[in-house]
Each structure stands twice: as C-alpha cells, then as structure tokens.
1. Of the listed pairs 115/180; 115/204; 122/180; 115/164; 104/204; 71/164, which have alpha-carbon separations greater than 32 Å here?
2. Take residue 204 and residue 129, extend 7 Å from each Cα along the Cα→Cβ direction, and tell me the distance between the two endpoints in nm.
3. Pull out the extension gain between residue 56 and residue 114, defined as 0.36 nm times the separation in residues minus the alpha carbon to alpha carbon distance; nm, one decimal.
4. Relative contact order of region 92-202, please, whole-number percent, based on alpha carbon pairs below 8 angstrom and at least 6 residues apart.
5. Calculate the spin-label point distance for residue 164 paired with residue 89, positioning each point 7 Å from the Cα along the beta-carbon direction, and give it in nanometres.
6. If you stretched the chain out fully between residue 172 and residue 100, how much longer would it get, using 0.36 nm times the residue separation minus the C-alpha to C-alpha distance?
Amino acid sequence: MTHLPLFSPARVIRTLVAPIAIAVGAAAFAPAALAQDYTAPAQLSPSEGGAQSARDAAARTAQDAEKAARKAADAAQAAAQRSKVAAGKVSKALAEGIRRAAQKAAEAARRLEEKTAASTGKALEETRDAARAGQDESAKAAAATREALARAEESAQRAAQSGKEEAEKAAEATREALDKAEEATRSAARAAADLSRRTAEAVKRTARPADATRK
C-alpha cells in the first residue's frame, strides 16, 4: 500500500513563503507611514516663515535707520559747534573747515533719508504711522543740512573774496542754518529711535503667540 505524504511540496512552499512576504511588505510600508506621520520639530509653515521674515526685515531696517539718525545728528552737532567756535573770526581756513563739516552733515542726513525710506517700505502694519513720521523728520533734516551747506559754501567764498563785514554776515547766516540743521537731525533721531522701539515691541508681541502654538 502506497502512503501519500501528509503535506504536498507545493503546500509546504506556500506555508514558508507567506510569512516572508508579509514581513517584507510590512517593512516596506513602515518607512512610508513614519514619513507621513513625522513632523520636524519647530518647523514653520510657509505662511509663518514669510511672516517671520517680514518681522525680521522690519526690525533690521528700523535699527539701520536709528543708527543712521544718530550719525546724522552727531555730524550736524559737530558742524554747528565748529561754527560757534569760529564766531567773531574771519578766516578762509576756518570757513573752509566749517564748509567741510557742513558737507559731512548733509551727506549723513542724505543717508538717513535713504534708510528711513527703506524702513518705511518694510514697516509692520502697527508701526507704519511711526515709520512715516520718521521719514518726514528725516526729509526735514536732509533739507535743513542742505541749506546749511549752501550757507557754509557761500561763507567760504565770502571769506576768500569779500570784506570782513560781508564775511561776518555770511558766517552768521551759516551758524543759524547749522543750528536749525542740528535741531532737525535731533528730531529725526528721536523719531527713528521711536520707530525702532515700537518695531521691536511689535515683533515680540507677534512672536509670543506663535511660540505658544508650537509648544
């Protein structure tokens, strides 16, 4: 009597292969599932990233304007002080020194005007009024320093070519113009500092809710 095997070879093979196929499939599926579930820590969404970039740009340009304003105010003060020291003296060399100082002040005020324009363009919604105020003040400062430079140039010419009386009048007009330029640049510096402070505060306020949400 012929005895048939309890399990055919084909059945044995299927029995062995099935667990292997299941294991291979599970291994292939696991990385994909993990990739779908994984979220990088502290990763910003595109909208959050854009808002953060805008805040950073606003803070950076406001700080640049504040630095430029301090330099403009210092330059105008130096020119005004130089003019006051020379009061009552008629000298071509003194007049030329005042003219150069006035030119430095005018150049510093021009750079300030450029920086405040940039900060206004990058200002946050809640600081736009302060940014526009700063831009207005910087424009006034630039105009005042240009006027002072014009007076200083005229004074230098008078000191070289005219009599003492005319030279003294030109020097007095220069001192008055430089005093106005100093006042205008100081006002612009206060406005720039105000914008920088307001921007920093706004950035902190908007950053706190985002940090709390990510936690």
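Read the figures in this text as sums done on the coordinates, not as results from a lab. Bear in mind the structure is a predicted one, so any value in this text is a computation, not a measurement. Every residue, glycine as well, gets a Cβ built from its backbone with ideal geometry; the counts of neighbours run over all protein chains shown.
1. On the way: 115/180 21 Å; 115/204 23 Å; 122/180 30 Å; 115/164 41 Å; 104/204 36 Å; 71/164 34 Å.
Cα-Cα > 32 Å for 115/164; 104/204; 71/164; rest within.
2. Each label point is offset 7 Å from its Cα along the Cβ direction, giving 2.1 nm.
3. Numbers: separation 58, 0.36 × 58 = 20.88 nm, distance 1.88 nm.
Once the chain is fully extended between residue 56 and residue 114, it gains 19.0 nm.
4. Values: 109 pairs, mean separation 41.0, N = 111.
Once normalised by length, the contact order is 37 percent.
5. Placing both labels 7 Å along Cα→Cβ, they lie 1.5 nm apart.
6. Details: separation 72, 0.36 × 72 = 25.92 nm, distance 1.67 nm.
Additional length available on full extension: 24.3 nm.
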